[in-house]
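See structure below.
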Amino acid sequence: MRWKKKSKTAPKGSSRGFSNSETLFDYAGKQAEVQAIEKQMAQTDFWDHQEKAQETVTRLKGTNAILKPLDELLIAGGDLEALLEMAQEDEGLEQELRGEITRLEKSLETLEVQSLLDGMHDAAGAILTINARDGGTDANDWAEMLLRMYIQWAQKNNYSSELFDRQDNDEAGINSASLAIRGPMAYGYLKGETGMHRLVRISPFNSEGKRQTSFASVDVTPEVADEGEVEIDPSEVRVDTYRASGAGGQHVNKTDSAVRLTHLPTNIVVQCQNERSQHKNRATAYKMLRAQLARVEEEKREAEQAARYKDRARVGFGSQIRNYFLHPDQRVKDARTNHLIGNFQSVMDGGIQPFLDTYLRWRVKTN
């Protein structure tokens with residue numbers, strides 16, 4: 001088959017469609033945003049406030065993560081027009097043309113997903129809190145498996161991760177853990193992970209080899225660096241200090257370095273014991289509390305999102321957002337989008353990006 005000479009209709013994925021992408025992705029708006037950020041970063045006092053400056057840098061990286069690939073896509077679209085004209089004259093170029101169209105369509109799909117990350121805090125880092133729920137020791141082990149999964153996802157995407165708090169279980173696994181993942185649009189990608197995660201497998205902790213169902217909850221909040229964005233009245237916070245605990249190493253102290261904060265109006269509780277210094281743990285705990293309160297405000301602005309978050313407190317069958325199976329077969333299926341991956345281990349090794357992308361598209365359709 002040959003493309004018809006002087007065809008009035010360009011093939012799917014031609015530069016005509018890519019030119020329209022300037023409007024779809026608000027190209028001009030993003031260019032203006034980059035220029036404004038770069039102007040802000042050029043000020044002599046920009047780095048005087050490290051956390052706020054880092055948040056600005058992260059926002060710039062997030063915007064460039066869309067803008068630069070879009071620039072490349074628009075240039076490639078122009079080249080595609082020339083290739084189309086050549087293919088009309090040379091049938092041997094048809095395969096090359098189709099391959100280029102397929103490549104550009106995949107790039108466009110990736111950008112379309114990124115364009116959905118337009119929430120107030122989507123560009124921020126993410127703070128994940130993982131808690132073992134129903135299932136005894138299996139649930140503790142499952143919570144630790146999820147912790148590793150998210151750290152692996154961060155590494156695959158060249159994101160950084162920092163463990164804030166880890167409460168080990170006496171027998172195996174963890175009771176809870178909190179960590180920050182930082183990178184372009186980290187919160188935007190991960191916020192859909194909030195909810196109950198269910199594992200079905202033959203229990204390694206059951207001598208009879210019976211099948212066990214266990215649950216772990218994941219809560220994701222934006223990492224808010226600017227104290228002025230979320231104001232906290234110190235009189236509304238109860239501060240408790242205690243000795244850090246764990247399996248050894250930096251988690252064992254002889255002083256009350258660990259800090260727990262309770263926000264009395266909302267009853268939100270956060271804790272940090274990762275640092276030896278009580279001062280550093282207190283600062284991190286306040287950062288975690290600001291993140292929780294920022295998410296509460298975000299929920300108020302998004303009523304439908306808030307309705308889903310209310311369900312996260314439920315524990316047990318029917319409340320999970322994703323099911324992970326090791327028995328009778330190996331698969332992972334999202335309960336909201338029905339997206340299925342048949343390789344359990346690839347998911348546990350951090351291969352969750354298809355779930356994150358599918359959730360973003362599903363969220364737009366359901367809202």
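Below are the figures for this structure:
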{"quantity": "Complete set of residues in segment 222-274 that are surrounded by fewer than 19 Cβ atoms within 10 Å (Cβ to Cβ), modelled with pLDDT of 75 or more and part of a loop (DSSP other than H, G, I, E, B)", "calculated": "E231, I232, D233, R243, L264, P265, T266, N267"}
{"quantity": "Any hit, segment 91-99, residues being basic (K, R), touching a helix residue (DSSP H, G or I) at 6+ places or on another chain (Cβ under 8 Å) and modelled with pLDDT of 75 or more", "calculated": "no"}
{"quantity": "Verdict on D349 being in contact with a Ser or Thr (Cβ under 9 Å, 6 or more places away or on another chain) and at pLDDT 90 or above", "calculated": "no"}
{"quantity": "Subset of segment 70-90 (residues that are touching a helix residue (DSSP H, G or I) at 6+ places or on another chain (Cβ under 6 Å) and not aliphatic (A, V, I, L, M))", "calculated": "G77, G78, E81"}
{"quantity": "Of the criteria (1) within 28 Å of S107 (Cα to Cα); (2) not in a helix (DSSP H, G or I), which one T44 fails", "calculated": "(1)"}
{"quantity": "Hits in segment 129-153 (condition: hydrophobic (A, V, I, L, M, F, W, C) and either more than 29 Å from K365 (Cβ to Cβ) or not assigned by TED's automatic domain parsing to the domain that holds F355 (or both))", "calculated": "A132, A139, W142, A143, M145, L147, I151"}
{"quantity": "Any pair with Cβ under 7 angstrom, 6 or more apart, that starts in segment 99-114 at a residue that is closer than 12 Å to I66 by Cβ and crowded, with 17+ Cβ neighbours inside 10 Å and ends at one that is of a type in the set (D, E, K, R) and modelled with pLDDT under 75", "calculated": "none"}
{"quantity": "Verdict on E91 being surrounded by fewer than 17 Cβ atoms within 10 Å (Cβ to Cβ) and of a type outside the set (G, A, S)", "calculated": "yes"}
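The values are calculated or read from the model by the stated rules, or taken from the named source; none is laboratory data. Everything quoted here is computed from the prediction, not taken from an experiment. With ideal geometry, Cβ positions are generated from the backbone for all residues, glycine too; neighbour counts draw on all protein chains shown.
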